[in-house]
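**Student:** Can you read through this structure? Questions will come right after.
The values are calculated or read from the model by the stated rules, or taken from the named source; none is laboratory data. None of the values given here were measured: they were computed from a predicted structure. Backbone-built Cβ (ideal geometry, glycine too); neighbour counts: all protein chains shown. Accessible surface is based on the protein model in full, side chains and every heavy atom, while ligands, DNA and RNA are left aside. Shrake-Rupley method; radii C 1.70, N 1.55, O 1.52, S 1.80 Å.
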Amino acid sequence: MNETLKVLETRRSCRKFIADKMPSEEDLNAILRAGSYAPSGMGKQAAKIIAITNKELRDKISAENAKVMNANMDPFYGAPVILLVIADKSVGTYLYDGSLVMGNLMNAAESLGIASIWIHRAKEEIESDFGKQLLKDLGIEGEWEGIGHVALGYAAEGGIGAAHPRKENIHWIK
């Protein structure tokens with residue numbers, strides 16, 4: 001089996017990271033580059049990736065996400081890196097474009113031996129005063145929607161479970 005297909009079949013979500021083990025900047029740049037090459041409707045590239053490695057900001061985003069979730073926990077499972085994907089709502093395919101970026105980011109991470117998980121509630125974060133201020137501080141103007149977060153890092157023991165059996169979800173018409 002080729003390496004790409006192997007990555008697609010073996011990637012699993014990680015729910016327990018080694019909090020103080022940061023991926024290298026070289027690996028993070030490769031993952032971000034892969035995300036930037038995701039397909040997009042009419043090539044408009046509606047999505048942006050906000051890469052957060054600053055622990056203080058990472059913890060603030062985690063707290064905001066937990067607030068949306070109404071939980072008292074770290075929704076990012078201790079991951080030291082958060083990639084927040086947002087997309088320009090003025091582009092008709094923004095949701096699909098952002099989702100493809102999320103997939104590319106997670107698959108690229110897997111190819112480099114870095115664990116990941118898709119975390120929701122980015123939409124609510126970006127719509128909140130916190131999210132609006134975050135975008136303003138970054139100089140990002142316009143109407144943006146949070147698509148999701150990719151939490152990245154190295155899996156702690158027991159952080160990745162076994163694959164669920166595949167459903168019969170292919171209908172082939174020949």
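**Student:** Looking only at the range 44-57, which residues are farther than 28 Å from Thr93 by Cα and charged (D, E, K, R)?
**Tutor:** Lys55, Glu56, listed by residue number.
**Student:** Within the range 64-87, is even one residue of a type outside the set (Gly, Ala, Ser), in contact with a strand residue (DSSP E or B) (Cβ under 8 Å, 6 or more places away or on another chain), surrounded by fewer than 16 Cβ atoms within 10 Å (Cβ to Cβ) and outside any strand (DSSP E or B)?
**Tutor:** Within the range 64-87, not a single residue is of a type outside the set (Gly, Ala, Ser), in contact with a strand residue (DSSP E or B) (Cβ under 8 Å, 6 or more places away or on another chain), surrounded by fewer than 16 Cβ atoms within 10 Å (Cβ to Cβ) and outside any strand (DSSP E or B).
**Student:** If you take the residues in the range 144-156 that are under 21 Å from Leu28 (Cα atoms) and more than 11 Å from the chain's Cα centre (by Cα), which one is least open to solvent (accessible area, probe 1.4 Å)?
**Tutor:** Only one residue tops the list, namely Gly153.
**Student:** Cβ-Cβ distance below 8 Å, separation of 6 or more or different chains: which pairs start in the range 148-174 with a residue that is among the acidic types (Asp, Glu) and end on one that is open to solvent by 100 Å² or more (accessible area, probe 1.4 Å)?
**Tutor:** Pairs found: Glu157/Lys16.
**Student:** Hey, another quick one. Taking the range 137-174, which residues are in a loop (DSSP other than H, G, I, E, B) and touching a Phe, Trp or Tyr at 6+ places or on another chain (Cβ under 9 Å)?
**Tutor:** Passing the criteria: Tyr154, Ala156, Gly159.
**Student:** Further question: Just to be sure, is Ser99 over 21 Å from Lys60 (Cα atoms), in contact (Cβ under 8 Å) with a residue 24 or more places away in the chain and open to solvent by 50 Å² or more (accessible area, probe 1.4 Å)?
**Tutor:** no
**Student:** OK, next. Just give me the residues in the range 4-41 being open to solvent by less than 90 Å² (accessible area, probe 1.4 Å), part of a loop (DSSP other than H, G, I, E, B) and over 19 Å from Ile119 (Cβ atoms), in sequence order.
**Tutor:** Ser24, Pro39, Ser40
**Student:** Answer with yes or no whether Glu110 is under 23 Å from Ile18 (Cβ atoms) and part of a helix (DSSP H, G or I).
**Tutor:** Answer is yes for this residue.
**Student:** Can you find a residue in the range 52-62 that is surrounded by fewer than 18 Cβ atoms within 10 Å (Cβ to Cβ), farther than 21 Å from Gln133 by Cα and without any contact (Cβ under 8 Å) to a residue 24 or more places away in the chain?
**Tutor:** Checked the range 52-62: no residue is surrounded by fewer than 18 Cβ atoms within 10 Å (Cβ to Cβ), farther than 21 Å from Gln133 by Cα and without any contact (Cβ under 8 Å) to a residue 24 or more places away in the chain.
**Student:** Now for a separate question. Here is a check on your reading of the model: is Val91 more than 29 Å from Lys6 (Cβ to Cβ) and either touching a strand residue (DSSP E or B) at 6+ places or on another chain (Cβ under 7 Å) or modelled with pLDDT of 95 or more (or both)?
**Tutor:** yes
**Student:** For the range 107-143, how many residues are touching a residue at least 60 places away in the same chain (Cβ under 8 Å), small (Gly, Ala, Ser) and open to solvent by less than 20 Å² (accessible area, probe 1.4 Å)?
**Tutor:** Residues that pass the stated criteria total 5.
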